[in-house]
Amino acid sequence: RREAPPAGTTITTIGDRLASIALAFAVLDMASATALGIVFAVRQGVQALVVVGGGVLSDRIPRNLVLVGASLVQGAAQAATAVCVLSGTGGVGAIVALQAVYGIGLGLVLPAEVGLVPQTVSPARLQQANALQGLSRNMIGVLGPAVGGAVVVLSSPGIALAIDAASFLVC
C-alpha cells in the first residue's frame, strides 16, 4: 500500500465551498430565495438518491475510476452552470437541471472516497489519514465560503463557478 494525502479531496472541496457561495449569488441575481432553495434542494435530493447506488458501484469497480468519473460529471455540470451564469442564458431551470447532474456526481463521490482511504493508506496510518481528511474538510468549510465571497465580489459568480469546474479537472 502507498500513503496518499487527501489532495484531490482538498482541491475539489475548496472549489465546492467557493461554488456554493457563487451559486447562491447567481441564483439570487436571477430569481428569488425560493428558487435558490429549489436549486439546492434538487442537488442534495439527487445526491441522497444516488449515494446508496454509488456505494454499490464503488464496491464493484475500482474506486479511483468512480472518483474520476464523478469528478468529470461534476466538472462538466459546473462548467455548464458557469457558462449559463456568465452568458445570462438558460435561467433557473437550466441551473436546477445542471445542479441535479452535479448531485449525481456528488452521490458517487462520497461512498467511493470513504472506501478509498483504507485502500490507499496502511492500517497503521488509517486513523491519521482520516483525521487529516476531516481536518482539511473542516478548515475548508470555514475558509472556502470566505474565499468564495471574495471571488464573487472581485469578479463574478460565473467566474467562481468556472474555478470550481477547473478544480475537478485538476483533481
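The values are calculated or read from the model by the stated rules, or taken from the named source; none is laboratory data. Here the structure is a predicted model, which is why all the values come from computation and not from measurement. Using ideal geometry, Cβ is built from the backbone for each residue, glycine included, and neighbour counts are taken over all protein chains shown. Surface areas here come from the heavy atoms of the whole protein model, side chains and all, with no ligands, DNA or RNA. Shrake-Rupley method; radii C 1.70, N 1.55, O 1.52, S 1.80 Å.
Against the criterion of being open to solvent by less than 60 Å² (accessible area, probe 1.4 Å), closer than 17 Å to Ala24 by Cβ and either hydrophobic (A, V, I, L, M, F, W, C) or touching a residue at least 40 places away in the same chain (Cβ under 8 Å) (or both), Pro145 qualifies.
Kindly provide the set of residues from region 152-171 that are in contact with a helix residue (DSSP H, G or I) (Cβ under 7 Å, 6 or more places away or on another chain), open to solvent by 30 Å² or more (accessible area, probe 1.4 Å) and assigned to a helix (DSSP H, G or I), ordered by number. Hits for region 152-171 are Ile159, Ala162, Ile163, Leu169, Val170. Quick check, is Ile104 open to solvent by less than 40 Å² (accessible area, probe 1.4 Å), touching a residue at least 40 places away in the same chain (Cβ under 8 Å) and of a type outside the set (Phe, Trp, Tyr)? Here the answer is no, as Ile104 does not meet what is asked. Taking (1) in contact with a Lys or Arg (Cβ under 6 Å, 6 or more places away or on another chain); (2) farther than 30 Å from Leu28 by Cα; (3) of a type in the set (S, T, N, Q) in turn, Gln128 satisfies each apart from (1). Of all residues in region 31-73, those being touching a Phe, Trp or Tyr at 6+ places or on another chain (Cβ under 8 Å) and open to solvent by 40 Å² or more (accessible area, probe 1.4 Å) number 2.
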